[in-house]
Amino acid sequence: MSWLHLLISFSHRNQHDAIITEVTADCEEGPDHGRQKGVTMCRSLSKYGIFFLFLALTGLIFLLRNIHTLESLNCRTVSTLYKLQSRIHSAFTPERTPPFYHNHTFCGHLGQKPSPEDELEERYLLDSIAWPEPLTRPMPPPLRQTSDPVHSLFAILPTKEGREWHVGDQLEVLVQMHDFQGRPKRYGGDFLLARLHSPELGAGVAGDVLDHRNGFYSAVFPLLWMGSALIEITLVHSSEAVAVLRRLREERPDRVFFKSLFRSGFLSETTLCNMCLPPDEQPLCNYTDPHTGEPWYCYKPKMLSCDTRINHAKGGYQKHLITNKEALLFQSGVNIKAHIHASGPDRINVLPPKKDQLGMESSSTKPEPIKVTPSGYYYGGSWRPLGGVTMRQFNDSSAITQCLRGKVINMYGDSTVRQWFEYLNAFVPELKEFNLHSPKNVGPFMAVDSTHNILLKYRCHGPPIRFSTVTSNELHYISNELDGLPGGPDTVVVLSIWAHFSTFPVEIYIRRLRHIRRALVRLLDRAPGTLVVIRSANLQAIDQEVSLYNSDWFSLQLNSVLRAMFKGLDILLVDAWQMSLAHHLPHALHPPPAIVKNMIDMLLSFVCPDKKKHQQN
């Protein structure tokens, strides 16, 4: 029972007594001709009144003797009522989103305090990715004063010999940016991509873009194959749009928010979570990793304790992040990934190498140094790395099985490396996926080939992770996983961690990579034969909405940091950035199978290098 039930019962009894009193009065005032009948009825009602009075007194005594018990309501009843109330409330109330905060200092400096050496490295890394800012004020300027790919143009610069190019030379293109009024831009900061390709040959290579910070840009390409080659210059974002993205990264790390479900018995609550929740009066649950110091917080449930958290999930994306004026800077086909046209020819014909280049090794004349050295290029649809490793083609599953025989392959990271797990699991029939009852697209996953003693595993990295739902006990940080590996010559470690950090200040990404780097150093110290391969970031399809959360500009910055932080270590890199840029297929967060196949061939070439080439080295 509850107080409500008691009050209703007591009210009903009062109404019943009132009716009895009213009827009794009517009986006493009845007419003489029905007096005998009235007296009989009143006597009967008087008899029942004594009975009801007895029941009322009994109920009152029971109430007084059990008042403490009645006040202490059963917990299950409260839980059920609260759960019902929460469901009704959530059905009519939109999901709560975090409050808007302009302060951007609380996010980047959470976690363990970095050492002076770490702070120095962080400063160097941030300086290395510093981006030129527009000189115009106020920001943003009117759309007509911003970079317009239609009015902009590029021109092929001649060589010393005129307009003749040979394999081994390099091609330089000059780009001049104009605004929507056709006026030349006087400052830099535009985000451009450059590609040289021959569709009929299945060939392509990425170019280096140099910002002269005066509206002019140079794009430089190595000439690696003979035949016709087409130049492609793309404006990804104007300098004015990049300024908006920079502001969002520093001031709105909450533009992607997360949530966790808490449950105990019949009671459950969902609260907001993030790496850096803004100051708020609401108490926090602190889930900072004790080993790495990586911070993670959730708002504390109102009726549950912090240790009742059962999962983690992406909550959603904040809307209305930019003004209507700023939105004009992010128009697909207008100023997002729009091609810039040539003022003259947009292709060249590459001739065979010069005779003096063929005998260069025996000549005393030194060649002109190459200004740009890409990690590789495509020819015939296959990736050809430049320097270090000879690319092998693993076109049938038996070749992959022989390469991975006796190996344990540990893949950690986001969905771009999970795509590698899925490719191998589907392409190699001997690999049988072991059902771990993991959520689809989340993991962890494991595939086994017992005949050839191959074990393939995938696990997602720790938060922030934008997957649908990950159970709390499966939120593992990569550095902790690496510390648990024995390692050795039969162990392969593959890492990819970048896509889920695009909405946070770069300092947070630097800190995460620093923990992973230290764990890799410890792993390689105790097991020097361990092979470690890192997959870099790649380009993806973007529109206005995607740009605000996952722009290629964010990925470019993270990719530069990643390459710098692992430089000099005994670690191999699959350059997914250039492999996606140089290919003719459209950009995608999860690249199409043709590109993934080349990435897997690159990985397997690291695991099983060409024996002849290896012996020569």
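The values are calculated or read from the model by the stated rules, or taken from the named source; none is laboratory data. What you see is a predicted model, and the numbers here were worked out from it, not measured in a lab. Here the Cβ positions follow ideal geometry from the backbone for every residue, glycine too, while neighbour counts run over all protein chains shown. Each accessible area value is taken on the protein alone, full model and side chains, heavy atoms only, with ligands, DNA and RNA left out. Shrake-Rupley method; radii C 1.70, N 1.55, O 1.52, S 1.80 Å.
Before moving on, here are some points about what is shown:
- For Phe394: the one exception among (1) open to solvent by less than 10 Å² (accessible area, probe 1.4 Å); (2) within 30 Å of the chain's Cα centre (by Cα): (2)
- The condition of being buried (at least 18 other Cβ atoms within 10 Å of the Cβ) and out of contact with any helix residue (DSSP H, G or I) (no Cβ under 7 Å at 6 or more places or on another chain) holds for only one of Ser551, Ser605, that being Ser605.
Per-residue answers, yes or no, for (1) surrounded by 22 or more Cβ atoms within 10 Å (Cβ to Cβ); (2) in a strand (DSSP E or B); (3) on the phi > 0 side of the Ramachandran plot:
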position	(1), (2), (3)
Leu135	no, no, no
Phe154	yes, yes, no
Gln181	no, no, no
Leu193	no, yes, no
Leu210	no, yes, no
Ile233	yes, yes, no
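- When we screen Cys285, Cys306, Cys276 for residues that are over 24 Å from Arg511 (Cα atoms) and among the hydrophobic types (A, V, I, L, M, F, W, C), the only hit is Cys306.
- Among residues of region 328-344 being open to solvent by 20 Å² or more (accessible area, probe 1.4 Å) and out of contact with any Leu (no Cβ under 7 Å at 6 or more places or on another chain), the one that is farthest from Ser268 (Cα to Cα) is Gly344.
- Arg405 satisfies every condition listed in (1) in contact (Cβ under 8 Å) with a residue 40 or more places away in the chain; (2) among the charged types (D, E, K, R); (3) surrounded by fewer than 19 Cβ atoms within 10 Å (Cβ to Cβ); (4) touching a helix residue (DSSP H, G or I) at 6+ places or on another chain (Cβ under 6 Å) except (4).
- In the set Thr288, Thr271, only one residue is in contact (Cβ under 8 Å) with a residue 12 or more places away in the chain, open to solvent by 10 Å² or more (accessible area, probe 1.4 Å) and in a strand (DSSP E or B); that residue is Thr271.
- Filtering Asn559, Asn538 for residues that are touching a Pro at 6+ places or on another chain (Cβ under 8 Å) and at pLDDT 95 or above leaves a single hit, Asn538.
- Number of the condition not met by Gly568 [criteria: (1) open to solvent by 50 Å² or more (accessible area, probe 1.4 Å); (2) in contact (Cβ under 8 Å) with a residue 12 or more places away in the chain]: (2)
- Within region 247-268, being part of a strand (DSSP E or B), surrounded by fewer than 20 Cβ atoms within 10 Å (Cβ to Cβ) and under 22 Å from the mean Cα position of the chain (by Cα) holds for one residue alone: Leu261.
- Residue satisfying condition, being assigned to a helix (DSSP H, G or I) and surrounded by 23 or more Cβ atoms within 10 Å (Cβ to Cβ), within set Leu556, Leu495, Leu482: Leu482
- All told, Val389 falls short of being open to solvent by less than 60 Å² (accessible area, probe 1.4 Å), under 30 Å from Ser238 (Cβ atoms) and at pLDDT below 95.
- Failed condition for Gln578, given (1) surrounded by fewer than 19 Cβ atoms within 10 Å (Cβ to Cβ); (2) modelled with pLDDT of 95 or more; (3) not β-branched (Val, Ile, Thr): (1)
Residue-by-condition table, conditions (1) at pLDDT below 95; (2) over 22 Å from Asn324 (Cα atoms); (3) among the polar types (S, T, N, Q):
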site	(1), (2), (3)
Ala155	no, yes, no
Glu161	yes, yes, no
Leu171	no, yes, no
Asp179	no, no, no
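- Check on Arg163, within 17 Å of Phe221 (Cα to Cα), charged (D, E, K, R) and open to solvent by 60 Å² or more (accessible area, probe 1.4 Å): yes
- Of the criteria (1) open to solvent by 50 Å² or more (accessible area, probe 1.4 Å); (2) assigned to a strand (DSSP E or B); (3) touching a Leu at 6+ places or on another chain (Cβ under 8 Å), which one Lys314 fails: (3)
- Cβ separations smaller than 7 Å between residues 6+ apart or across chains give the following pairs from region 543-557 residues that are touching a residue at least 40 places away in the same chain (Cβ under 8 Å) to residues that are of a type in the set (D, E, K, R): Leu548/Arg255; Tyr549/Arg255; Phe554/Arg249.
- If you filter region 120-133 down to residues that are farther than 21 Å from Val175 by Cα and either in contact with a helix residue (DSSP H, G or I) (Cβ under 7 Å, 6 or more places away or on another chain) or at pLDDT below 95 (or both), you find that the one that is most open to solvent (accessible area, probe 1.4 Å) is Ser128.
- When each of Tyr412, Tyr377 is tested for being within 15 Å of Asn598 (Cβ to Cβ), of a type outside the set (A, V, I, L, M, F, W, C), modelled with pLDDT of 95 or more and under 39 Å from the mean Cα position of the chain (by Cα), the lone residue that passes is Tyr377.
- Residue tally, condition of a type in the set (Val, Ile, Thr) and part of a loop (DSSP other than H, G, I, E, B), over region 291-308: 1
- Pairing residues of region 496-507 that are farther than 14 Å from Met565 by Cβ with residues that are of a type in the set (S, T, N, Q) and surrounded by fewer than 21 Cβ atoms within 10 Å (Cβ to Cβ), at Cβ distances under 6 Å and at least 6 apart in sequence or on separate chains, gives Ser502/Asn550.
- Whichever residue in region 212-231 is part of a loop (DSSP other than H, G, I, E, B) and under 22 Å from Thr373 (Cβ atoms) and, among such residues, is farthest from the chain's Cα centre (by Cα): Met226
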